[in-house]
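Below: the structure, in structure tokens.
Quick note: the coordinates plus some simple rules give every number you see, no bench work behind them. What you see is a predicted model; the values in this text were computed from it and never measured. All Cβ positions, glycine included, derive from the backbone under ideal geometry; neighbour counts span all protein chains shown.
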Amino acid sequence: MDRVRRRDETDALVGQAFKKWDAALLMERLAAADLAFAEINDMNGLSRHPHLRRATVQTPNGPVSCPSPAPIVDGQRRALSSSPALGADTASVIAWLRRREGAK
């Protein structure tokens, strides 16, 4: 509870100690001490994070690697289908919209 009551002081002391090491060495030491910590990533760091699952989706211009959707808990892996070409579904969407509009 003292640490929480004196948070400003604690944060200042931790900040002074942490700035003595580069991030890689600091994370190595924290992990060796079995302390919980997290690294704040930018978008580039997030895209390279080792725990980010990726999936390859086929597109008309070739395969694209993208983040995988969240897993389904029923034991089945989610399969991704290919991405349609631009305009591939335009006619069917317009026909559906016209049928829907006519139903009103």
For the chain, take the longest principal axis of its alpha carbons; what is the angle in degrees between that and the long axis of helix 23-32, to the nearest 10 within 0 to 90? 80
Measuring from the longest principal axis of the C-alpha atoms of the chain, the long axis of helix 90-102 (C-alpha) lies at a number of degrees, nearest 10, equal to 70
Amide H to amide H, which residues 5 or more places from SER83 or on other chains are under 5 Å from it, using H placed in the peptide plane? GLN58, THR59
Computed from these coordinates, which is percent of Cα pairs over 17 Å apart: (1) 60; (2) 51; (3) 76? (3)
On a full-extension model of 0.36 nm per residue, what is the gain between LEU26 and VAL14, subtracting their alpha-carbon distance, rounded to one decimal in nm? 3.1 nm
Can you give me the angle between helix 7-18 and the longest principal axis of the chain, using Cα atoms only, in degrees from 0 to 90, rounded to the nearest 10? 90
Long-range amide H partners of SER68, meaning residues 5 or more apart or on another chain whose placed amide H is closer than 5 Å, are ARG53, ARG54, ALA55
Spin-label pair ASN61/ALA88, simplified geometry with 7 Å Cα→Cβ offset, distance in nm: 1.5
How big is the dipole moment of the chain about its Cα centre under a simple scheme where the beta carbon of each Lys and Arg is +1, that of each Asp and Glu is -1, and everything else is neutral? Debye, nearest 20, please. 500
